[in-house]
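Engineer: Take this structure, written in structure tokens, and hold onto it; I'll ask about it next.
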Amino acid sequence: MSEINLGKLGFYWRMTDALNVPQNPVPDFVDFSFEFDEAHQLIIQKKNDQTWEYLETIYNENYNVGYLQEGHDLALSYGDDFLNFIEHTISSYNSNVKRVFEIGAGGCYILDRLKQKGLDVVAIDPSPIAAKAGNKYGIEVQNEFYPTKEKIEPSDLIIHYDVLEHVLDPWDFLRMHKNDLTEGGLILFAVPDCSHYIPVGDISMILHEHINYYDQESLRNVVESAGFEVLEIKAAEYGGVLYCTAKVAKEETWVPKVGREKAIKFENDITQLKDKVTAFILEGTQEGNTLGCYIPLRMVPYLSICGVNSNIRFFDDNTGIHHQYFDGFDAKVENMDELVEKPVTHLIIMSAIFGEIIKTKVIDRTVGSGMQIKCLNDFF
């Protein structure tokens, strides 16, 4: 695999209350290609200068702070699970943690709760929302990108959630953490877990914001190549993320990997799965049929490849995006009740983790509808 060019895919980075309002400052659809970093056995997005300019634009917008913020539908479930892992890490590997430094703090949801537990907390984040949240919770937020040019007081624990997948050179990014740690300090972070998607070539994991697509193997390689000793890598109890805890290694022993078998299989699997999913999409959009997409964000790459962006319906249980729109698509996000009230002929549920649960609920509530329902796992 030298490059897998998938063409122009939907550039997701926000939701809006009306179609393209306010005006999207970046194109709705942007080129995307995969490459393979053999040394780390890491699937990556091929660098595209134009895309990088678009990313720079959106990172300074108010929308882009993730779901770990007060009031977000997913903050409690995902946030509490991450907090539990932080507590586990502190009790297991360094009970003397006093100061926590978060990179990319978003809505300061995590730091506020750590502060309530008596820890000293500080953050760095370029988003205006992060600065506003810091003021609200009394948390110092350096409103810029990491690393800062200013000297940072060393911390006992550096954390970040959904950051390392956005970084062009993650090993260099992690290596810089050494300068900001106290002796015996730890790093702890979360990244999207692509372990379910890479082995089957599932492109539903694609977001232009994500440069790196980690499984446990590649994540360990990246961390060790940065001069850290991995203490623990585990899948989260809730949601599709990998947690990692590490400390500075006494000596660096990492050796670059050799072999492209993983990349070759990934490319072949993409072709096979893409053909199956797009065939269902095209069937569901034929005259007389109606295609419904549950967990619509993960459908965006496949819909983009098919050139389908209208006359479809989107469904999601996340109340935070109810009746909102993705840039480039004219379908507002509906909920389960609206699907039950007005069924579609073809429904595809794009969740490897929750797909079967959602499918069972839909079947129980739409008995006799004749709906054709496919989960992501059905295509593997």
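Engineer: Using a Cα-Cα cut-off of under 16 Å, which lysines could be cross-linked to residue 149, ignoring same-chain neighbours fewer than 8 residues away?
Structural biologist: Of all the lysines, those that pass the test against residue 149 - Cα under 16 Å, at least 8 places apart if same chain - are 178.
Engineer: Amide H neighbours of residue 42 under 5 Å, counting only residues 5+ apart in sequence or on other chains, H built in-plane at 1.01 Å?
Structural biologist: 37
Engineer: Given a 1.4 Å probe and every protein chain left where it sits, what share in percent of the accessible area of the chain is carbon and sulfur?
Structural biologist: C and S atoms contribute 47 percent here.
Engineer: Okay, moving on. Where in segment 154-220 are there GluC sites (Glu not before Pro) that are in a DSSP coil and have at most 11 other Cβ atoms within 10 angstrom of their Cβ?
Structural biologist: none
Engineer: Could you state the accessible area per residue of the chain in Å², with a 1.4 Å probe and every protein chain left in place?
Structural biologist: In whole numbers, the chain has 43 Å² accessible per residue.
Engineer: Going through the cross-link list 132/247; 98/247; 46/132; 46/250; 47/136; 332/359, which pairs have a Cα-Cα distance over 26 Å in this structure?
Structural biologist: Distance filter (> 26 Å) returns 132/247; 46/132; 46/250; 47/136.
Engineer: Tell me which GluC sites (Glu not before Pro) from segment 278-351 have a DSSP coil assignment and no more than 10 other beta carbons within 10 Å of their own.
Structural biologist: Sites meeting the loop and neighbour criteria: 287.
Engineer: If you don't mind, there's one more thing I want to ask. So, in Å, what gap is there between the alpha-carbon centers of segment 176-212 and segment 272-296?
Structural biologist: 30
Engineer: Could you give me the ³J(HN,Hα) list for segment 48-60, computed from phi with Karplus coefficients 6.51, -1.76, 1.60 and θ = phi - 60°, whole Hz, x at Gly and Pro?
Structural biologist: Taking θ as phi minus 60°, the curve returns 9, 4, 5, 4, 4, 5, 5, 5, 4, 5, 6, 5, 9 Hz for segment 48-60.
Engineer: Tell me, what is the percent relative contact order of the chain, built from C-alpha pairs under 8 Å that lie six or more residues apart?
Structural biologist: 17
Engineer: Now, a different point. Can you list the residues, at least 5 places off or on another chain, whose amide H is less than 5 Å from the amide H of residue 334, using H built in the peptide plane?
Structural biologist: It is 314, 315, 316, 323, by chain and number.
Engineer: Give me the log10 of I(q) over I(0) for the chain at q = 0.08, 0.13, 0.14 Å⁻¹, as the Debye formula computes it from C-alpha points; what are the numbers?
Structural biologist: Scattering profile of the chain, log10 relative to I(0): -0.42, -1.13, -1.29.
Engineer: Rounded to the nearest 10 degrees, what's the angle between the helix 355-365 long axis and the longest principal axis of the chain, both from Cα atoms, 0 to 90?
Structural biologist: Roughly 40 degrees, rounded to the nearest 10.
Engineer: Search the structure for amide H atoms under 5 Å from the amide H of residue 375, placed 1.01 Å from N in the peptide plane, and list their residues when 5 or more places away or on another chain.
Structural biologist: For residue 375, whose amide H was placed from the backbone, the distant partners under 5 Å are 349.
Engineer: Run the helix sum for the chain: -39,500 (n - 2.57) per DSSP H stretch of 4+ residues, divided by residue count, reported at 222 nm to the nearest 500 deg cm²/dmol.
Structural biologist: One gets -9000 deg cm²/dmol as the mean residue ellipticity at 222 nm.
Engineer: For the chain, what is the charge dipole size about the Cα centre, in debye to the nearest 20, if Lys and Arg each add +1 at the Cβ and Asp and Glu each add -1 at the Cβ?
Structural biologist: 280
Engineer: Follow-up question, since we're still on this one. Output the 0 to 90 degree angle, nearest 10, between the alpha-carbon long axis of helix 216-225 and the longest principal axis computed from the alpha carbons of the chain.
Structural biologist: Its long axis makes an angle of about 30 degrees.
The values are calculated or read from the model by the stated rules, or taken from the named source; none is laboratory data. Note that the structure is a prediction, hence the values are computed from the model and not measured. Neighbour counts are summed over all protein chains in view; Cβ atoms, including those assigned to glycine, are modelled from backbone coordinates with ideal geometry. Protein only, heavy atoms only, side chains kept; ligands, DNA and RNA dropped before computing areas. Shrake-Rupley method; radii C 1.70, N 1.55, O 1.52, S 1.80 Å.
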